[in-house]
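Since every read-out is calculated from the coordinates, none of them should be taken as a lab result. Note that the structure is a prediction, hence the values are computed from the model and not measured. Glycine also receives a Cβ, built like all others from the backbone with ideal geometry; neighbour counts cover every protein chain displayed.
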Amino acid sequence: MLGLKLPTDPRWVNIVEKNIEEILTDHAYCEQKAASTAISIIIGFPDRSELVKEMTALVREEMGHFNMVHEKIVERGWKLGRERKDEYVIELMKFFPKGGSKTTHLVHKLLYAALIEARSCERFRLLSENIADKELADFYRNLMISEANHYTMFLGFARKYGDREEVDQKWQDLLAFEAEIMANLGKKETMHG
């Protein structure tokens with residue numbers, strides 16, 4: 001369903017299990033960044049009422065997820081660590097050229113967001129099925145459903161606002177590019193790295 005060209009190596013879960021505190025901190029910031037992306041879409045495209053409505057709901061949901069992850073951190077006696085650079089997102093954002101029309105910019109932003117949500121969904125599924133910590137397995141199973149919904153929403157908006165054939169080609173090209181990025185990642189206890 002997600003269309004990812006290169007699945008995450010299941011051994012990534014073993015890396016995560018060695019430092020749960022690190023993955024929870026990284027995950028918390030991923031949720032915060034997702035909310036920030038939705039806010040930036042609202043600011044950049046306020047004339048698209050349906051999009052603004054959905055992004056407003058997404059901001060609330062993502063910050064709710066941030067709060068849930070933060071609670072998991074606190075429950076375990078830890079504190080939220082510092083934000084780290086997300087190598088995955090930094091590399092992914094190099095795919096589309098800068099410039100172009102406002103609509104092209106929106107479509108690219110939506111496609112990036114869709115792919116990040118798809119990869120998060122895939123990673124949450126891996127955690128839900130393989131992590132020994134049953135509480136976290138259930139937690140990630142529930143979040144996986146949200147991420148799948150976000151992925152389809154972003155991709156749907158990209159197809160709505162852009163030429164469907166062109167958007168679908170860009171999506172396939174972006175998926176192939178992302179697979180190349182993922183071939184060099186998956187060795188750290190970060191949500192995408």
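Among Glu147, Glu50, Glu178, which one moves the most in a GNM of the chain with springs linking Cα atoms closer than 10 Å? It is Glu50. Over all distinct Cα-Cα pairs of the chain, the Kirkwood formula returns a hydrodynamic radius of 17.1 Å.
Partners of Lys160 within straight-line reach, counting lysines whose Cα lies under 16 Å from its Cα and excluding those fewer than 8 residues away in the same chain: Lys53, Lys102, Lys109, Lys170.
Each residue of segment 145-150 was assigned a 3J(HN,Hα) from its phi angle through the Karplus expression (A = 6.51, B = -1.76, C = 1.60, θ = phi - 60°), giving 5, 4, 5, 4, 5, 5 Hz with x at Gly and Pro. Taking the chain as a Gaussian network of alpha-carbon nodes connected by springs under 10 Å, the highest mean-square fluctuation of the residues Trp78, Trp171, Trp12 belongs to Trp78. Partners of Lys79 within straight-line reach, counting lysines whose Cα lies under 30 Å from its Cα and excluding those fewer than 8 residues away in the same chain: Lys18, Lys33, Lys134, Lys187, Lys188.
Net charge dipole, segment 36-184: roughly 380 debye, given to the nearest 20, about the Cα centre with Cβ charges of +1 for Lys and Arg and -1 for Asp and Glu. What residue among Ile181, Ile90, Ile42 shows peak mean-square fluctuation when the chain is described by a Gaussian network model with Cα springs under 10 Å? Its mean-square fluctuation being the largest, the pick is Ile90.
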